[in-house]
Amino acid sequence: MTRYEKIAQMKPEQKNHWIDMRELSAWGERIFAEIAVCEEINKHENGRYDALIDQAVDCLFETFTAEHALPDSVCQKAESILFPFSDTAKSLTMHCVAHAHIDMDWMWGFHETVDVALNTFRTMLDLMDEYHDFTFSQSQAAVYRIAEYYDPELFARMSKRIKEGRFEFAGSTFVELDKNMPNLESMARHILYTKRYLNERFGIPFAQINMDFHPDSFGHSACVPEILSEGGIRYFYHCRGLDGEQLYRWQSDSGAEILALNEPLWYNDSILPMYLHIVPQFCYKYGVLDMMKIYGVGDHGGGPTRKDIEMILEMQKWPLAPTIRFSTYDAFFRSIEPFASNFPVRRGELGPTFTGCYTSQSQMKLINRIGEDRLYEAEMISTFANAKANGTSFNKQYRDAWEKVLFNQFHDILPGSNTPESRNHAMGAFEEAMGAVMAGSGSSLRAFAANIDTSMFETPFDPLTSRSEGGGVGLNTDEKSRFRLPGTERGRGKTRLLHVFNPTRFDRDSVVEATLWDWPGDPDRIKATDQEGNVLDCRVVKQQPNDWNHLRTDILVHAHVPAFGYATIKIEEAVKEAFCFAAMPPDPRVTYYYNNILENDLVRITFDDHDFSVISYFDKVSGQELLKTPAHFVLAHELTSSVFAGHGSAWVEGVHSRIENLHQTSIVTVSTQDISSSLCKQLAFRLKKGDMTIDVTAQLFDHSPILDLSVCVAHLPIATPDGIPQLSFCAPLAYSSKAVRCDMQIGTLDRPLNMTHDGFTRNFCFGVPQQGTRGLSLLSDSKYGCRGDEHSLNISLLRASSGPDKYPEIGERRFRIGLSACDDAPMALKELGEQFAHRDLPYVSNTAHTGTLPLTDRFFTVNGDVTVSCVKQAEYADDAFVIRLASVYNDRPVDASICFTADVTTVEAVDLAEQPISSDVTLNDHTASVSLKPGQSVTLLVRR
């Protein structure tokens, strides 16, 4: 009989650490844990100590056979036999790091999160008072803010322990966020605001905040190592998204690298003797002398228990156990860092994990996308106004708004794996964040209006009849209007001046939508000219005589607006050049039936006359038809049988069954057919399937290839035992694709063809053609889940769920999706995506007056294959602002330059916390030049 057979008779076999075990005596647990350690050492020594271990096991087995028990005395005797292993065992160290996984508003509301955080910290501080070696680590700046605001006395106790080094801040983010869906700027702000907060409150140097801690996040974007490196982060801890490797170096496309630990066991755990042998196992595999075990009750907080602490103190006495110490994450990573050359190198994303979270709880996705995009727009305009028009800095307000957006990116909130209480708090926080957006952008737009010289115009009005000023307050800023930046009327009379702003990286030559309030002119004679007097295409879309007691006139005008700049449009009533003395009666003589075709100079898009699916998308640029069969809305049901256990929840997508083309099975009605008007062609229809309605407004603007679909869904079916409903939009391709190109935080990612589960993207997904360069893309303003095969693209729109919220999509849900031809170049796709996401250009109305600014201007011009994720006021320098660039290529370096229209004194590279770093940035004749590695982001501090 082998020693392993003997051990099997004496001790239950442990195959999974989740299994509940029958208890041995304390000495029984001790000796078998020590034998396991010796076994790992012996394996490493190629069986050198077989005889010694056999002797110890035989000692135990003889007594067990005779007495059917293991008295403490025989366990002690076996331990003494194994004493020669002691020095080797003690040469290895187990770092015991205490933590409490505190989920932000997961299955509960914010009030409960506050209670969880405060009482967890109170317990930890009490244990520190009692156990003088005990250390505790806690991530998430948000919970420190909770303690500071709700319990200052407790916060003072925490601060004392933090300064002693016994209460470690673990991580570098505001919350433990989802690592897939937030954009580059969100990830940068997590690091910026967390480092700033810790430095302000506790005096922690920026360089010491160098760890990213995300045990429970559902996978990790391939851009994470680049972003972390740019933020001065060196260490990364996670527990999901990777099998088979625990210690490795995670590299970005630029070559930036972080040291990563994939938790060997689990992040919510106890201290158990059976884990001791994992220490030599881990150390020998990676050529290190240290392993980390994190412990503590979590998810709902709580932290380590007294039993855990006492077990550590007990095991510290065991001669055959590794050295066991109360420790911190920082101490562990520093101990293994000298051995980094031993570790394997990994590139690419970690995952997928819980792919249902790309679509669950659509409102969480909407408020994240809108929050990120509108904060970007508002900050850029405010920075521009501060530099050019003496505008107020709204740094504090924008920081507060960003922190609310960042809080909602927690890995159980943004992914939608939360309950209604959590969702309600998230929606309220979003509303507050948007308040800062409206206040800051509105003030900055008014600063521009006050400083632009419009004295060359005349804006006469009759004070006794003018009621326009202040019209439209708060209007056009709701969900239906995509939370557009405010456009309160400041003009008057028949002549109105509009300053239209383009906060994006790309020049815009497109149709602008605006609203005039109480404009007394004839809508049939509206006229628009640019700042040089050139006549612009313009028309009134509709007039509404009593919109909150004001006359509302919605207009379209085609204009050129420079990137990071503005243009001026003059709206007036044209001179009357004809008079109709009499009109023929409008009696119908012929009945006309119009084809449902939306067409401009770039594309021709045809809808089916009966079911209103898109039967043709013809790209005039390439002369290609890009749809093989009609593009359509799809209702599928995810399987939830025992074969697919767990599928259909917020976390896990089920396999699709009963896939239904809703255009063929719904009742179809048409409400609008405007296919011949200038500037925008439009078609509106409704699909009704049972109680569910899908209202679609299809628009094609002049000079744009994008078919823009504004959608409102009501009464999505709920989950049943027969399946979980999912709504998507499918575009069958007329060409063969080789990959689905997705929009990432930095650059793009070509995902393998797959129709089983979603991958994540942001602004677009593109079917990469096997031949040629032109193809079809799907666009979205608030969706993330997409998939595709050789002949189709799919974007997931809404999902029901079996839990935790069984009714996640009750009520109306609004979103925009688009269908567009595009070249396969990443830069072209990025431009298309930004154009769609930032369709509604901000504007401010004005009157004639003197000023110091021209009618059109730009802040700066960016050249090169890069995108811009932010233009913001600097955190630590007056008269300075920050520009963050990101390469669009992941496989080649790019050169970029920024040409400033105003004097700048210096341009220097900084990290994400806006601290100086070495970099080759040059400034010559108002132009800053910088080279970016593949997949790199660069942050520049510009001093005026």
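The values are calculated or read from the model by the stated rules, or taken from the named source; none is laboratory data. Because the structure is predicted, anything quoted here is derived from the model rather than measured. Methodologically, a virtual Cβ is constructed for each residue, glycine included, from the backbone with ideal geometry; neighbour enumeration extends over all protein chains shown.
Where strands (runs of 3 or more DSSP E) fall entirely within the range 653-694, those with at least 1 residues that are under 34 Å from the mean Cα position of the chain (by Cα) and more than 15 Å from Val614 (Cβ to Cβ) are at 656-661, 680-689. Checking each residue in the range 385-402 for being assigned to a helix (DSSP H, G or I) and either of a type outside the set (A, V, I, L, M, F, W, C) or touching a Leu at 6+ places or on another chain (Cβ under 7 Å) (or both) picks out Asn386, Lys388, Asn395, Lys396, Gln397, Tyr398, Arg399, Asp400, Ala401, Trp402.
Of all helices (runs of 4 or more DSSP H) completely enclosed by the range 216-324, which ones contain at least 2 residues that are out of contact with any Ser or Thr (no Cβ under 9 Å at 6 or more places or on another chain)?
278-286, 306-315
Does Ser382 satisfy being assigned to a helix (DSSP H, G or I), in contact with a Ser or Thr (Cβ under 9 Å, 6 or more places away or on another chain) and not basic (Lys, Arg)? So Ser382 passes the test. The number of residues in the range 110-168 being among the hydroxyl-bearing types (Ser, Thr, Tyr) and without any contact (Cβ under 8 Å) to a residue 40 or more places away in the chain comes to 3. The set of residues in the range 39-81 that are without any contact (Cβ under 8 Å) to a residue 24 or more places away in the chain and of a type in the set (Val, Ile, Thr) comprises Thr63, Thr65, Val74.
Pro463 falls short on exactly one of the conditions (1) in a loop (DSSP other than H, G, I, E, B); (2) surrounded by fewer than 18 Cβ atoms within 10 Å (Cβ to Cβ); (3) touching a residue at least 12 places away in the same chain (Cβ under 8 Å), and that condition is (3).
What are the residues in the range 736-745 that are out of contact with any helix residue (DSSP H, G or I) (no Cβ under 6 Å at 6 or more places or on another chain) and either surrounded by 21 or more Cβ atoms within 10 Å (Cβ to Cβ) or part of a loop (DSSP other than H, G, I, E, B) (or both), if any? Result: Ser736, Ser737, Val740, Arg741, Cys742, Met744.
For every residue, the table says whether it meets (1) closer than 29 Å to Phe506 by Cα; (2) at pLDDT below 95; (3) more than 12 Å from the chain's Cα centre (by Cα).
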site: Arg347; (1), (2), (3): no, no, yes
site: Leu350; (1), (2), (3): no, no, yes
site: Asn368; (1), (2), (3): yes, no, no
site: Glu372; (1), (2), (3): yes, no, no
site: Glu377; (1), (2), (3): yes, no, yes
site: Ala385; (1), (2), (3): yes, no, yes
site: Asp400; (1), (2), (3): yes, no, yes
site: Glu403; (1), (2), (3): yes, no, yes
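Within the range 819-850, being surrounded by fewer than 21 Cβ atoms within 10 Å (Cβ to Cβ) and either among the aromatic types (Phe, Trp, Tyr) or in a strand (DSSP E or B) (or both) holds for one residue alone: Asp823.
The single condition among (1) surrounded by fewer than 16 Cβ atoms within 10 Å (Cβ to Cβ); (2) more than 21 Å from Asn390 (Cβ to Cβ); (3) over 26 Å from the mean Cα position of the chain (by Cα); (4) touching a residue at least 12 places away in the same chain (Cβ under 8 Å) that Asp879 does not meet is (2). Restricting Ser869, Ser897 to residues that are closer than 30 Å to Tyr193 by Cβ, among the hydroxyl-bearing types (Ser, Thr, Tyr) and buried (at least 19 other Cβ atoms within 10 Å of the Cβ) narrows the list to Ser869.
For the range 334-353, the condition holds for no residue, the condition being that it is closer than 30 Å to Ser649 by Cα, outside the structural domain of Asp126 (by TED's automatic domain parsing), in a helix (DSSP H, G or I) and of a type in the set (S, T, N, Q).
Against the list (1) part of a loop (DSSP other than H, G, I, E, B); (2) touching a strand residue (DSSP E or B) at 6+ places or on another chain (Cβ under 9 Å); (3) within 27 Å of Arg399 (Cβ to Cβ); (4) not charged (D, E, K, R), the condition Phe213 fails is (1).
Among the residues of the range 501-529, those identified as under 16 Å from Gly491 (Cβ atoms), of a type in the set (Gly, Ala, Ser) and under 40 Å from the mean Cα position of the chain (by Cα) are Ala514, Ala528.
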